[in-house]
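What follows is a set of notes on a single structure, which appears directly below.
The values are calculated or read from the model by the stated rules, or taken from the named source; none is laboratory data. Please read all numbers here as calculations on a predicted model, not as lab measurements. Here the Cβ positions follow ideal geometry from the backbone for every residue, glycine too, while neighbour counts run over all protein chains shown. Accessible surface is based on the protein model in full, side chains and every heavy atom, while ligands, DNA and RNA are left aside. Shrake-Rupley method; radii C 1.70, N 1.55, O 1.52, S 1.80 Å.
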Amino acid sequence: MPFFRSSIYTAGFWLMCLSSFLFFASFNMLLPELPDFLTQLGGAEYKGFIIALFTLTAGFSRPFSGKLADTVGRIPVMVFGSLVCFLCGFFYPWVTTVAGFLLLRLLHGFSTGFKPTGTAAFVADIIPLERRGEAMGLLGVAGSLGMAAGPAVGSLITDHFSLNTMFYCSSGAALLSLAVQGTMTETLPLPQRERFSWRLLRLQWNEILEPQVLAPSLVTLLCMFSYGSILTVVPDHSELLHLGNKGLFFSFFTIASLVVRLIAGRASDRYGRVPVLRVSTAILVVALVTLALAQSGVVFLVAAVLFGLGSGLNSPTLYAWTIDLSEETRRGRAVATMYIALEAGIGIGALAAGWLYGNVPAHLSYVYGLSAAFALTALLYLMWGVRLQRKTSLS
């Protein structure tokens, strides 16, 4: 494809893609195996907390990572996130109680609270506006490859070696991501940079949320509800359908997401952010309805592909829309606001799914139905709410 030869994609951009691949592979390796691991510890009823606690600290840390990305620098924020991912992966084998496991999940969330915030701001610094959607799509391809490889490889390592070996491999992938970041050059302008001090962790109200990006943040929250619910119940659904590898759904989902990012990476640059989001969100609704009706492995995996196609269009477009609306000096905060919405959506979705499902297979359709309702609400907002908001702001 011609954009791979474009001079705008520097070595720094491709190194960031490699780092993103390793980072997402690291913590996604764990996802298919954590529900069984928690059950073995005696905490089967806490499955909804596997994702919810992770996203709680990720969301809580976003305002801090956004402010630090705009003051200390993009790279220090990413390094901290990868370091947390490395340490947490290393300590999972040492957990012997449900409380210890839940505490580790809580701490692990700081990794995604920091690393992706710095990554998005870094890429926005080096890519011009007219290629932003495409660049976010390519960055998403790297993340999707990690997300696709992670669950399948994690289950494979667990099956052929041991669960502890898989945890150490997850930690190793995070360490490699950390090493790659050490080769990059900081992109935050020198006049904005400050040395880290504890006073930077004192937040004013206007530093927690960026008002200019509330529209993409609302859409993100509504759409990510379904992702949180799927992360919670899909491993059990896979077992009920006798698929063998509990990471298979995630592999189909992320490969479909990867393909659509490669093919349609520039779609939102050409046709606009909101029109593309309307299409992608409609696909998410169809995917979730299909999941609710899935009684066979084939239909289940078709739904995974549909969900991947919708997510593959949705995610880079939301990133690009958020950055479009942000001021350059508050770019980290804007990205952090969108990520707060993302983590809130995933966390609420995970909690709701765990409560609705309750380890009763017949309740899976309720989980998918509620997720479809949230995605449909996002679609209605994109159809009429954004238009109404624009008219109000112009009057």
- [ ] Starting from residues that are charged (D, E, K, R) and in a helix (DSSP H, G or I), keep the ones in the stretch 28-50 and report whichever is surrounded by the fewest Cβ atoms within 10 Å (Cβ to Cβ).
- [x] Glu45
TODO: Within the stretch 324-340, work out how many residues are under 13 Å from Lys67 (Cβ atoms) and of a type in the set (S, T, N, Q).
DONE: 2
TODO: Count, please, the residues in the stretch 247-293 that happen to be basic (Lys, Arg), closer than 21 Å to Gly146 by Cα and surrounded by fewer than 19 Cβ atoms within 10 Å (Cβ to Cβ).
DONE: 0
Open item on the list: Thr377 - would you say it is open to solvent by 60 Å² or more (accessible area, probe 1.4 Å), at pLDDT below 85 and assigned to a helix (DSSP H, G or I)?
Closed with: no
TODO: Could you tell me which of the residues Ala334, Ala292, Ala320, Ala304 is part of a helix (DSSP H, G or I), under 17 Å from the mean Cα position of the chain (by Cα) and more than 30 Å from Leu188 (Cβ to Cβ)?
DONE: Ala304
Task: the stretch 29-48 residues that are within 18 Å of Phe167 (Cα to Cα), paired with ones that are acidic (Asp, Glu) and modelled with pLDDT of 85 or more (beta carbon under 7 Å, 6 or more apart) - done: Pro35/Asp236
Open item on the list: Take Leu53 and tell me if it is modelled with pLDDT under 90, assigned to a helix (DSSP H, G or I) and farther than 30 Å from Asp269 by Cα.
Closed with: yes
